[in-house]
1. So which residues in the range 251-269 are open to solvent by 10 Å² or more (accessible area, probe 1.4 Å) and in contact (Cβ under 8 Å) with a residue 40 or more places away in the chain, if there are any at all?
2. Scan the range 241-273 for residues that are over 17 Å from A93 (Cβ atoms) and of a type in the set (S, T, Y) and jot them down.
3. In the range 226-248, how many are among the small types (G, A, S) and surrounded by fewer than 18 Cβ atoms within 10 Å (Cβ to Cβ)?
4. S76 - would you say it is in contact (Cβ under 8 Å) with a residue 40 or more places away in the chain, surrounded by 15 or more Cβ atoms within 10 Å (Cβ to Cβ) and farther than 22 Å from F370 by Cα?
5. Being in a loop (DSSP other than H, G, I, E, B) and among the hydroxyl-bearing types (S, T, Y) is the filter; apply it to the range 163-192 and report the residue that is nearest to L113 (Cα to Cα).
6. In the range 210-240, what count of residues is obtained for those that are over 23 Å from I274 (Cα atoms) and in a helix (DSSP H, G or I)?
7. Would a scan of the range 288-306 turn up a residue that is open to solvent by 30 Å² or more (accessible area, probe 1.4 Å) and either under 20 Å from the mean Cα position of the chain (by Cα) or closer than 21 Å to L17 by Cα (or both)?
8. Kindly indicate which of L46, L81, L42 is crowded, with 17+ Cβ neighbours inside 10 Å and of a type outside the set (D, E, K, R).
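The values are calculated or read from the model by the stated rules, or taken from the named source; none is laboratory data. From a predicted model like this one, the values you see are computed outputs, not experimental measurements. Cβ coordinates were reconstructed from backbone atoms using ideal geometry, including for glycine residues, and neighbour counts include every protein chain displayed. Side chains are part of the model used for accessible areas, which takes the heavy atoms of the whole protein and leaves out ligands, DNA and RNA. Shrake-Rupley method; radii C 1.70, N 1.55, O 1.52, S 1.80 Å.
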Amino acid sequence: MSKNIEKRKPTFQFAVLVMVAIISLTTVGMVVFKASITTMFLLSWLIVVPAAMKLGYTNSEIEEMGFDVGKGAFQSNIIVLSVGVLIATWIAAGTIPTIVYSGLAIITPKYFLVTTVVVCSLTSIATGTSWGTLGTSGIALMSIGTSMGVPAGLTAGAIISGAFFGDKISPLSDSTNLSAAVCKTDVITHIKHMTLSAVPAYIICVVLYTVIGFKYANNTIDYNQINQVMEVLKANFNIGFVSIIPIIFLLILLLLQKPSIVSILVSGVAGAIIAFFQEGESISKLLNYMLNGFSIDTGLEYTDKLLNRGGIMSMAETVLLVFIVFVIAGILQKTGFLEVLLQPMLSKIGKSRTKLIGTTFISSYLANAFSSSMMFTSVFVGTIMEPLYKEFNLKPENLSRIIQDTATLGAPLIPWNSNAIFCSQTLGVSSFEFIPYCFLNWITHLITFIYGVTGFTMKTYTEEEVVMMREVEDAI
């Protein structure tokens, strides 16, 4: 697009008005009318386009800007679709059932709490969904905790810590893929960087839940529900080493630094091959699973919720959201709205990395509290803060990590947030009872802030990378 000297920059007041209008439209739609975030972001086009036209841009120019930026969502969206294929074939191959079965098999009274964390972590990593884990393994473990006399809030805290940890570091998670996409970094790079804060916090949690769990060492467990789930899994799948070969394939390929899309699809195909030979699935069924997700009726609601998922179509909304976010954010950036909004913030932050990190934390908490959605928070904070992190020569994985450590893990700590409400309703525990015991969420926040203030693990661009990045931006 050629530059036009007649184009005007928005005033600060006009930029604030447009941003408030977008946030209000999206928030009201999601909170009041329970609309999808994707729908509301698409409708924000009716705000962004007239605002850009008021600055002198034509509709054709705006669409061209949106298309140019939207192309940047290509890799992220192909990864998300590939993950849909992976989930479906991993279930069909018995990979995910084997992980869940193994986790349930290790539960003992003395180590109930720490085992709860591990089981929920494995389930979320394997399925890529914290809500799915809460609605399956979480419900079963709550029943077990109640039968043992463990306080409901404590059990729920362990479940939530494990479920959200697994969701956060799983390449199958939609929130993880979205955070990486919004911050313009590769999802595997994003996950590797997150482990630097997530793993230490997880280890501390394991120690805490282990020590606290000793108090209930002499209590007895009602294994009926666990045995029921394990029996159903074993009756419908071949549980064993062969089933986890797709995971080994994926880890090897990622360690060899092969492209993420190729690695995920190869692992998905490996799952399909095992499902064909070991589970007796037909090729036509497997191809259908890849599109529409795995489907089974085990006769047990818990396992059906866990297993009926995956497929390309299950990722369709995430793909659309990533694309729309790229387009809307790109138009706001190219027409000068974001630049005008960020100037006052940048002047107050100055050269202080501590202020930058603190501002990111505050923005994330406020967005989570205001919108009641961690997905909205990831999009909003990522869009606003990404240029500021560039000013500090900080690589995008720093921002994507902080967003997930605050937006994803902070969501259950806000009682009126949709995540806290879902946790409360699903597990049957008041949010005020489990919030103090969500150790992973609190500890990760502390570690992440310390990293940001000290600069430890904060990756920066080299001078050569800065020069190359500016050359690319000038070319665009």
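1. Start the filter on the range 251-269 by keeping residues that are open to solvent by 10 Å² or more (accessible area, probe 1.4 Å), which leaves 251-262, 265-266, 269.
Within the range 251-269, L254, S260, I261, L265, V269 meet the criteria.
2. S260
3. The initial filter retains those residues of the range 226-248 that are among the small types (G, A, S), namely 235, 240, 243.
Now restrict to residues that are surrounded by fewer than 18 Cβ atoms within 10 Å (Cβ to Cβ): 235, 240.
Result for the range 226-248: 2.
4. Numbers: in contact (Cβ under 8 Å) with a residue 40 or more places away in the chain: yes; surrounded by 15 or more Cβ atoms within 10 Å (Cβ to Cβ): yes; farther than 22 Å from F370 by Cα: yes.
For S76, the condition - in contact (Cβ under 8 Å) with a residue 40 or more places away in the chain, surrounded by 15 or more Cβ atoms within 10 Å (Cβ to Cβ) and farther than 22 Å from F370 by Cα - is met.
5. Filtering the range 163-192 down to residues in a loop (DSSP other than H, G, I, E, B) leaves 170-173, 183-186.
Checking which are among the hydroxyl-bearing types (S, T, Y) leaves us with 170, 173, 185.
Working: S170: 22, S173: 24, T185: 35 Å.
That would be S170.
6. Taking the range 210-240 first, the residues over 23 Å from I274 (Cα atoms) are 210-228.
Restricting the remaining residues to those that are in a helix (DSSP H, G or I) gives 210-216, 224-228.
Qualifying residue count, the range 210-240: 12.
7. yes
8. Numbers: L46 fails: crowded, with 17+ Cβ neighbours inside 10 Å; L42 fails: crowded, with 17+ Cβ neighbours inside 10 Å.
Going through L46, L81, L42 in turn, just one is crowded, with 17+ Cβ neighbours inside 10 Å and of a type outside the set (D, E, K, R): L81.
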